[in-house]
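Written out below as structure tokens is the structure these notes cover.
The values are calculated or read from the model by the stated rules, or taken from the named source; none is laboratory data. The shown structure was predicted, so the numbers you read here are calculated from the model rather than taken from an experiment. Cβ atoms come from the backbone with ideal geometry, glycine included; neighbour counts cover every protein chain shown.
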Amino acid sequence: MEDAPMPDDKIFKDILTMKMPFGKYRDTPLQKLPVNYLEWFARKGFPKGYIGVLLQALYEIRINGIPLSGDVKY
């Protein structure tokens with residue numbers, strides 16, 4: 001059985017520090033986006049590019065009940 005890939009610390013750091021660049025929640029820190037907004041993206045499709053990677057990762061974190069903390073060293 002193949003081991004699961006290790007999470008990328010940069011993704012966690014960026015989720016904790018970046019703001020939403022567009023839309024209804026423009027300038028809202030990603031970690032503060034409501035789960036229903038992330039669920040909407042899950043239904044409609046995540047944006048292309050790195051912001052889509054971050055939003056999809058945040059969605060997975062939220063639906064799996066993984067707490068976001070400041071444990072990531074910047």
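Scanning region 16-32 for residues that are under 11 Å from the mean Cα position of the chain (by Cα), modelled with pLDDT of 95 or more and among the hydrophobic types (A, V, I, L, M, F, W, C) yields MET18, MET20, LEU30. Go through region 26-41 residue by residue and tally those that are farther than 11 Å from ILE15 by Cβ and either loosely packed, with under 15 Cβ neighbours inside 10 Å or of a type in the set (S, T, N, Q) (or both). Residues in region 26-41 being farther than 11 Å from ILE15 by Cβ and either loosely packed, with under 15 Cβ neighbours inside 10 Å or of a type in the set (S, T, N, Q) (or both): 8 in total. Screening the candidates PHE12, PHE46 for the property of being under 12 Å from the mean Cα position of the chain (by Cα), at pLDDT 95 or above and either of a type outside the set (Asp, Glu) or surrounded by fewer than 15 Cβ atoms within 10 Å (Cβ to Cβ) (or both) yields one hit, PHE46. Evaluating TYR59 against the criteria (1) aromatic (Phe, Trp, Tyr); (2) in a loop (DSSP other than H, G, I, E, B); (3) modelled with pLDDT of 95 or more leaves one unmet condition, (2).
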